[in-house]
Amino acid sequence: MSQPTDSSRQQLREVATGVYQIELPTPFSVGPVNVYLLKGSEWTLVDTGPHTSAAWDTLCGALKQLGCQPADLSQVVLTHHHVDHVGLLQKVREVSGARSLAHPLAVPFVEMDETFMAYHNQFFYRLYRESGVPERLLSVVEKYHRMLLTFCQPASIDVLLKHEQPLPGLPEWQVLYTPGHSQSHLSLYRASDQVLIGGDHILKQISSNAFIEPPRDPAQARALPLVQYRTSLQMCAELEIQLVLPGHGEVVTDHRELIAGRLQRHWERAGKLRSLLADGEKTAFQLSALLFPGLYEQELALTLSETLGHLDLLTMLHQLEIRQKEGVFYYSL
Ligand SMILES: [Zn+2]
Ligand SMILES: [Zn+2]
C-alpha cells in the first residue's frame with residue numbers, strides 16, 4: 001500500500017494504527033465531514049459524506065492514494081443517520097456491493113421510507129406549533145425534507161448494530177450506543193490503543209446539538225435528547241480514551257476536560273432559561289429567540305431543539321410549570 005504524500009495531508013491522514021481520516025467537503029454550515037477508513041483483512045468505511053460530486057471525487061482520490069478504490073470497500077458503518085454522514089452510502093454500495101451497518105433507529109431515515117418521512121414531517125409541524133413557532137416559519141419542515149432529497153440517496157441497511165457488540169469483520173472495535181445528538185448515534189471504541197471514533201458525539205470546536213426526533217412508535221412520547229446526550233457523554237468520560245476521532249474538526253485528546261465543559265455549559269444555559277422566565281411565562285420559541293438572537297429564525301430546527309432540550313432538563317428536575325393554551329405550551333417557574 002502506498003503512503004499518502006504531503007500534498008494529500010489535508011484530506012487524508014493516518015490518525016491511528018490502520019485508521020485513515022478522510023476529510024470530505026459538504027455544502028453545510030458545519031463545514032467538512034471526517035470519514036474513516038479502517039484497514040483489516042478487508043476495508044471498512046465509517047460514514048460516507050453527503051451525496052455531492054465534490055465529496056465523491058475527494059473520497060475516490062483519497063482511496064486511490066491508499067492504493068484502493070470504492071469497489072474494494074467491503075462494509076460501511078454509519079455513526080448516525082445525518083445526511084452529511086450517509087448521503088453517499090447508496091453510491092458506495094452500487095460500486096462496491098459493500099454491506100451497510102447501523103443502529104436500528106437509523107433505518108427509516110437512511111431508507112427514506114415515505115410513510116416514515118410523512119410521519120416525521122407531521123411530528124415537526126405539531127412540535128413547532130406547540131412550541132409557539134409562527135406559521136410563516138413552518139416551511140422549515142419542507143425545506144429540511146428537500147435538503148434530504150438533494151444530498152442523500154435512499155439506501156438499505158444490512159446489519160443492525162447494538163451497544164457493546166464487537167464490530168463485524170473488525171472485532172477489536174466495540175460498538176457503543178451513544179444517543180443524544182441523534183437517536184441512532186453509535187461510536188466505535190478500540191480498547192487496545194484507547195481510540196474512539198466518535199461521530200458527532202464529541203466534537204472539539206462545535207458543541208453538538210441534541211436534536212429532537214420523532215419517536216419510532218408514534219404512540220410513545222419523544223425521547224429527551226439532551227438528557228440522553230448527557231448520559232452518553234458521562235459514559236464516555238468514564239472510558240479510558242487517548243484519542244477521539246470526530247466527525248468534524250480536529251481530534252480530541254482531552255475528552256474528560258471537554259465533556260466536563262459541555263456538561264457545565266448545559267447548566268449555565270438552563271440557568272439562563274430560568275432567568276428569562278423570571279418576568280413571566282414564555283413559549284419555547286420565544287425563549288429560543290431570547291437565547292439565540294440573530295440565529296433563531298435562520299437556524300430554527302437547531303435553536304429550538306437546543307431550547308427544548310434545556311426545558312426538558314429543567315422539567316425533569318421539577319423546576320418548571322407547563323400550561324397549554326390553544327395548543328401552545330407555555331413555561332413558567
Ligand atoms: Zn450529526
Ligand atoms: Zn455531522
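The values are calculated or read from the model by the stated rules, or taken from the named source; none is laboratory data. Keep in mind it's a predicted model, so treat the numbers as computed, not measured. Glycine also receives a Cβ, built like all others from the backbone with ideal geometry; neighbour counts cover every protein chain displayed.
Of note:
- Any hit, the stretch 93-105, residues being touching a helix residue (DSSP H, G or I) at 6+ places or on another chain (Cβ under 9 Å), in contact (Cβ under 8 Å) with a residue 12 or more places away in the chain, within 28 Å of residue 179 (Cα to Cα) and of a type outside the set (A, V, I, L, M): yes
Let's see how each residue does on (1) at pLDDT below 95; (2) under 26 Å from residue 266 (Cβ atoms); (3) more than 16 Å from ligand 2 (Cβ to nearest atom); (4) of a type in the set (A, V, I, L, M, F, W, C):
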position: 130; (1), (2), (3), (4): no, yes, yes, no
position: 148; (1), (2), (3), (4): yes, no, no, yes
position: 152; (1), (2), (3), (4): no, no, no, yes
position: 162; (1), (2), (3), (4): no, no, yes, no
position: 174; (1), (2), (3), (4): no, no, yes, no
position: 178; (1), (2), (3), (4): no, yes, no, no
position: 187; (1), (2), (3), (4): no, yes, no, no
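- Test for residue 304: is it of a type in the set (A, V, I, L, M, F, W, C), assigned to a helix (DSSP H, G or I) and touching a helix residue (DSSP H, G or I) at 6+ places or on another chain (Cβ under 8 Å): yes
- Highlighted here are the helices (runs of 4 or more DSSP H) found entirely within the stretch 49-114 that include at least 2 residues which are among the basic types (Lys, Arg): 89-96.
Per-residue answers, yes or no, for (1) within 16 Å of ligand 2 (Cβ to nearest atom); (2) closer than 25 Å to residue 15 by Cα:
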residue: 197; (1), (2): yes, yes
residue: 200; (1), (2): yes, yes
residue: 204; (1), (2): yes, yes
residue: 211; (1), (2): yes, no
residue: 238; (1), (2): no, yes
residue: 245; (1), (2): yes, yes
residue: 250; (1), (2): yes, yes
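- Looking only at residues in the stretch 85-109 that are within 16 Å of ligand 1 (Cβ to nearest atom) and either surrounded by fewer than 24 Cβ atoms within 10 Å (Cβ to Cβ) or among the aromatic types (Phe, Trp, Tyr) (or both), the one that is farthest from residue 56 (Cα to Cα) is 105.
- Any chance residue 214 is away from ligand 1 (no atom under 16 Å from the Cβ), closer than 29 Å to residue 27 by Cα and either in contact with a Phe, Trp or Tyr (Cβ under 6 Å, 6 or more places away or on another chain) or modelled with pLDDT under 95 (or both): yes
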